Amino acid sequence: MMEDVIKMVEQAIETSSHWPDTGWPATFGVRNVEVNNLKAAEALPRNAVYREEAINYWRQARLTGHDTAEAGKKALEALKNGDLAGADNALYLCQYLEIPFEKDAHTWHPVYEAFRAKCA
């Protein structure tokens, strides 16, 4: 019943674990300089006024990606054990934590919606 959701959760865990590496289009500073991942942010010249903003943004993406991946692992375990309430709680947390990045990351909200649709 939940095999497709399990696959979505596994993929989302992998994806969110690599947010700062794979990144997405993100702009910084008054000139909207595109810095698409943590490596690019750290490679910016030290005198770039938006460097710290970009680094902080991508470090936060790394922390959030890690947290959502950990919660996703709990959801995965709950799904495999038939614990739908536990899976719901963990997936809710994933999509909630993702909110600051959801517009760009598009990772956990679709998974949570698919899970809720299956449970309806």
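The values are calculated or read from the model by the stated rules, or taken from the named source; none is laboratory data. Everything numeric here is computed off the predicted structure, so don't read it as measured data. Using ideal geometry, Cβ is built from the backbone for each residue, glycine included, and neighbour counts are taken over all protein chains shown. To get the accessible areas, we keep the full protein, side chains included, count just its heavy atoms, and leave off ligands, DNA and RNA. Shrake-Rupley method; radii C 1.70, N 1.55, O 1.52, S 1.80 Å.
Brief remarks follow.
- With respect to the conditions (1) at pLDDT 95 or above; (2) farther than 17 Å from L63 by Cβ; (3) among the charged types (D, E, K, R), K39 lacks only one, and its number is (2).
- Residue that is farthest from A87 (Cα to Cα) [pool: residues in the stretch 5-31 that are modelled with pLDDT under 95 and not hydrophobic (A, V, I, L, M, F, W, C)]: R31
- Test result for E3, open to solvent by 60 Å² or more (accessible area, probe 1.4 Å) and either without any contact (Cβ under 8 Å) to a residue 12 or more places away in the chain or of a type in the set (D, E, K, R) (or both): yes
- Flag for E34 being at pLDDT 95 or above, more than 17 Å from the chain's Cα centre (by Cα), among the acidic types (D, E) and open to solvent by less than 90 Å² (accessible area, probe 1.4 Å): no
- Boolean, E70 is under 24 Å from V5 (Cα atoms) and under 13 Å from the mean Cα position of the chain (by Cα): yes
- Candidates E52, E102, filtered to the one that is open to solvent by 80 Å² or more (accessible area, probe 1.4 Å) and assigned to a helix (DSSP H, G or I): E52
- Selection status of G72, in contact with a Phe, Trp or Tyr (Cβ under 7 Å, 6 or more places away or on another chain) and either assigned to a helix (DSSP H, G or I) or at positive phi (or both): no
- The number of residues in the stretch 12-43 that are assigned to a loop (DSSP other than H, G, I, E, B) and among the hydrophobic types (A, V, I, L, M, F, W, C) comes to 5.
Residue-by-condition table, conditions (1) closer than 24 Å to E113 by Cβ; (2) in contact with a helix residue (DSSP H, G or I) (Cβ under 6 Å, 6 or more places away or on another chain):
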| position | (1), (2) |
| --- | --- |
| G23 | yes, no |
| V30 | no, no |
| E34 | no, no |
| R62 | no, yes |
| A69 | yes, yes |
| L79 | yes, yes |
